[in-house]
Amino acid sequence: MTYQRPNIIFIVADDLGFADLGCYGGRAAQFGPVSPVLDGLAAAGLKFAQGYSNSPVCSPTRFALMTARWQYRLRGAAEEPINSKSRGSSTLGLPPEHPTLPSLLRAGGYRTALMGKWHLGYPPAFGPLKSGYEEFFGPMSGGVDYFTHCASTGAHDLFLGDAEHQQPGYLTDLITQRSVDYVQRMAEGARAGTPFFLSVHYTAPHWPWETRDDEALAQEVKAQLFHLHGGNIHSYQRMIHHMDEGIGQIVAALQQEGLLQDTLVVFTSDNGGERFSDNWPLVGGKMDLTEGGIRVPWIAHWPALIRPGGVSLQHCLTMDWSATMLELAGVAAQADYPLDGVSLLPVLRAPADCFVRPMFWRMNHRGQRAYREGDWKYLRVDDIDYLFNIAQDERERANLAGREPARLERMRAAWLDWQASLPPIPADATVSLGYSVRDMPQR
């Protein structure tokens, strides 16, 4: 199959669990299917069953997404995650001089925009318009209220371009509306041969637990956006459904403009699920290097190249998708910033053909480390080493370290070699936990 340079829409959910979508085995809600649009995109495209995020927490993954490189190369990504107290910092963010997915695509002739969450440092030192996006609408910080658009500090955090922007409305819907408008405005140019790259970074289903009908909660949670006293699976599923409806509107706009055939739509989450998510059969969630913290949905839809109904077992990381998009656009990395991501174009063409993709992670939190190679995974948490055969034990319950000491030592040595190739975690790097066992029992 041949293709022209596609338009690209990169949709990222926030804290979505591996099994929250129907197409990944998620349960229906009281109101019906939670994610019919995304389920349809998966059925008409390609679903990855062994796809991962670069980190089990927000901003580090976004560094990897933006650079197609190990996030650990940049100081800001050592924060787990960047928190709102860093507002005004000139070090904790994505350096404007670093090439990015949008800046490289823009130099290659693409129009570029981000609608939604940034979370890679605050102005004036950092911001989307400094890192390759021509347009931006959304919050700069990691978490904001869906109605007041205020961060956990109480500061208003909704921007249009570089300027603070006041606009009433439910944030998920506002992100959708801006995305649909962008597709419509870019359509004529796209049909004439100028493709666009649109990042749609929803804050859903991140806390606070507010659906479209919960505006009254905004005043109740404004002093504690972690919303530790509230929420439930029903509100959580409805929040996902609102996002799914929005994605449906974006897809409808592509159809109406005659662009769906030649647009690559990729959907994922920045990390594993949080307290109300469904990660079955995986264990753990956000902040954990067990599978539930890093294995995430990956859906790719592109009728011009991807055949419908595919399921791939290819191992991949967030930065691999960024590398893929650059290859599809015919754009090369800058020589001083070689990519760590690996293009997945061969898999998009032939989902059954998988290649070996070693994957590594590290976390300051609990001294975690992980290395996935084929069926096997080396994991270290709280100074304890584990070895799991993920193909046989996705829940990571049967520790084979004692039975396979040679394999454990080889994989531990490989992780240490990888670690030595990257900057160490700085002594002043912070870990920001939203809650502890005092708020809810440990998993």
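The values are calculated or read from the model by the stated rules, or taken from the named source; none is laboratory data. Here the structure is a predicted model, which is why all the values come from computation and not from measurement. Quick reminder, even Gly has a Cβ in these numbers, built from the backbone with ideal geometry, and neighbours come from all protein chains shown. In case anyone asks, the SASA skips ligands and DNA or RNA and just uses the protein heavy atoms, side chains included. Shrake-Rupley method; radii C 1.70, N 1.55, O 1.52, S 1.80 Å.
Is it true that some residue in segment 223-245 is among the acidic types (Asp, Glu), open to solvent by less than 10 Å² (accessible area, probe 1.4 Å) and not in a loop (DSSP other than H, G, I, E, B)? Checked against the condition, which is being among the acidic types (Asp, Glu), open to solvent by less than 10 Å² (accessible area, probe 1.4 Å) and not in a loop (DSSP other than H, G, I, E, B), segment 223-245 yields at least one hit.
Quick one: in segment 166-181, of everything that is in a helix (DSSP H, G or I) and either in contact with a helix residue (DSSP H, G or I) (Cβ under 9 Å, 6 or more places away or on another chain) or hydroxyl-bearing (Ser, Thr, Tyr) (or both), which residue is most open to solvent (accessible area, probe 1.4 Å)?
Taking segment 166-181 first, the residues in a helix (DSSP H, G or I) are 171-181.
Narrowing further to those that are either in contact with a helix residue (DSSP H, G or I) (Cβ under 9 Å, 6 or more places away or on another chain) or hydroxyl-bearing (Ser, Thr, Tyr) (or both): 172-173, 175-177, 179-181.
Values: 172: 1, 173: 33, 175: 0, 176: 4, 177: 103, 179: 0, 180: 25, 181: 61 Å².
Ranking the qualifying residues of segment 166-181, first place goes to 177.
Residues in segment 184-222 that are closer than 30 Å to residue 330 by Cβ, open to solvent by 10 Å² or more (accessible area, probe 1.4 Å) and of a type in the set (Gly, Ala, Ser): 189, 190, 192, 193.
It is to be established whether one or more residues within segment 10-23 are in contact with a Phe, Trp or Tyr (Cβ under 9 Å, 6 or more places away or on another chain), of a type in the set (Gly, Ala, Ser) and surrounded by fewer than 24 Cβ atoms within 10 Å (Cβ to Cβ). Yes, segment 10-23 has at least one match.
Regarding segment 309-321, can at least one residue be identified that is out of contact with any strand residue (DSSP E or B) (no Cβ under 8 Å at 6 or more places or on another chain) and either crowded, with 20+ Cβ neighbours inside 10 Å or under 20 Å from residue 62 (Cα atoms) (or both)? Taking every residue of segment 309-321 in turn, at least one turns out to be out of contact with any strand residue (DSSP E or B) (no Cβ under 8 Å at 6 or more places or on another chain) and either crowded, with 20+ Cβ neighbours inside 10 Å or under 20 Å from residue 62 (Cα atoms) (or both).
Every condition in (1) part of a helix (DSSP H, G or I); (2) closer than 30 Å to residue 355 by Cα is met by residue 99 except one, and the failing one is (1).
So that you can scan it fast, the table gives a plain yes or no per residue for (1) among the hydroxyl-bearing types (Ser, Thr, Tyr); (2) farther than 21 Å from residue 57 by Cβ; (3) surrounded by 11 or more Cβ atoms within 10 Å (Cβ to Cβ); (4) touching a helix residue (DSSP H, G or I) at 6+ places or on another chain (Cβ under 6 Å):
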| site | (1), (2), (3), (4) |
| --- | --- |
| 401 | no, yes, yes, yes |
| 406 | no, yes, no, no |
| 423 | no, no, yes, no |
| 430 | yes, no, yes, no |
| 442 | no, no, no, no |
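When the test is whether a residue is closer than 20 Å to residue 206 by Cβ, open to solvent by less than 40 Å² (accessible area, probe 1.4 Å) and either modelled with pLDDT of 95 or more or over 15 Å from the mean Cα position of the chain (by Cα) (or both), residue 42 does not pass it. Cβ-Cβ distances below 6 Å connect the following pairs, each with a first residue in segment 274-287 that is in a loop (DSSP other than H, G, I, E, B), a second residue that is of a type in the set (Ser, Thr, Tyr) and crowded, with 23+ Cβ neighbours inside 10 Å, and a separation of six or more residues or different chains: 276/236; 283/290; 284/290.
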